[in-house]
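Where a number appears in this text, it was derived from the coordinates with a stated rule and is not lab data. Please read all numbers here as calculations on a predicted model, not as lab measurements. Here Cβ is always computed from backbone atoms with ideal geometry, including for glycine, and neighbour counts include all displayed protein chains.
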Amino acid sequence: MSTERRAPLDRKRVADTALKLLNEVGLDGLSLRVIARELDVKAPALYWHFKDKQALLDEMATEMYRRMVAGTPLDPHDTWRERLLKANRGLRTALLGYRDGAKVFSGSRFTGTAHAEQMEDTLRLFTAAGFTLSQAVRAVNTTYLYTLGFVTEEQGVEPLPGERREGYDLAERARLMDGFPLAAAAGPELFEDSGRHYEEGLAVVLDGIAARYGTEP
């Protein structure tokens, strides 16, 4: 009989295990039963910590956020544009590190207040730059939603970097859409070089914020 002591079962251990499994089975294949099997416990044991799958997703999203910001202090000398660029590039990189990462993050509610410090600092930076609080919230949230939506679609094509889903062969797409030359030629703009297209779209959003609120970076 083994005398090796296992780490205690707590919320963090469950969330860590769930994030590890996410890359293997994806969001659709992730269940409390699958996680319990990996932890070598009975599924009901997990319900002491999470009442349902959404509660687990909330904790997973929170842990993803903790990992994303760990060791990356905010620069007090950032302009509002620099802050949005850093935050959204970091978010995209973090989400791409997990299969279905954007889907896990989308609609999840952070547990605790781990995010409040950075949010407070960012809103303070924006209001000091001349934004009203309402404008600051709209600017930050709009860029966040852009990034989240972009990565959701990006992972629909490449669930993980270098892994491409069936049905996104551009040559076959062009052949099928031969009667629609512009739509056929748009394929590479939609489904290739996503990093460059993300940056271009982010710049468009930031330029729109500056134009809308008349606040230079």
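General observations
- For the chain, the number of Lys pairs with C-alpha atoms closer than 22 Å, counting only pairs eight or more positions apart or on separate chains, is 14.
- Size of region 70-113: Rg and Dmax of its alpha carbons, in Å, are 12.5, 34.
- Rough spin-label spacing in nm, given labels placed 7 Å along Cα→Cβ, for Lys53 and Glu163: 1.8
- Residues Glu82 and Ala116, FRET efficiency given R0 of 22 Å [Cβ-Cβ distance, rounded to 0.05]: 0.55
- Taking every Cα-Cα distance in region 11-213 and sorting them into 5 Å bins starting at zero, the pair-distance distribution P(r) comes out as 1, 7, 13, 15, 15, 14, 12, 9, 7, 4, 1, 0 percent.
- Of Thr111, Tyr168, Ser194, farthest towards positive along the dipole that unit charges on Lys, Arg, Asp, Glu beta carbons give region 11-213: Thr111
- Fully extending the segment from Glu24 to Arg212 would add 63.4 nm, taking 0.36 nm per residue of separation and subtracting the current Cα-Cα distance.
- Relative contact order (%) - region 1-149, alpha-carbon pairs under 8 angstrom, separation at least six: 26
- Value at 222 nm in deg cm²/dmol, rounded to 500, when DSSP H runs of n ≥ 4 in the chain each add -39,500 (n - 2.57): -21000 deg cm²/dmol
- For region 1-111, the spread of Cα coordinates along the three principal axes comes to 59, 31, 23 Å, biggest extent given first.
- Dipole magnitude (debye, nearest 20) for the chain, charges at Cβ of Lys, Arg, Asp, Glu: 860
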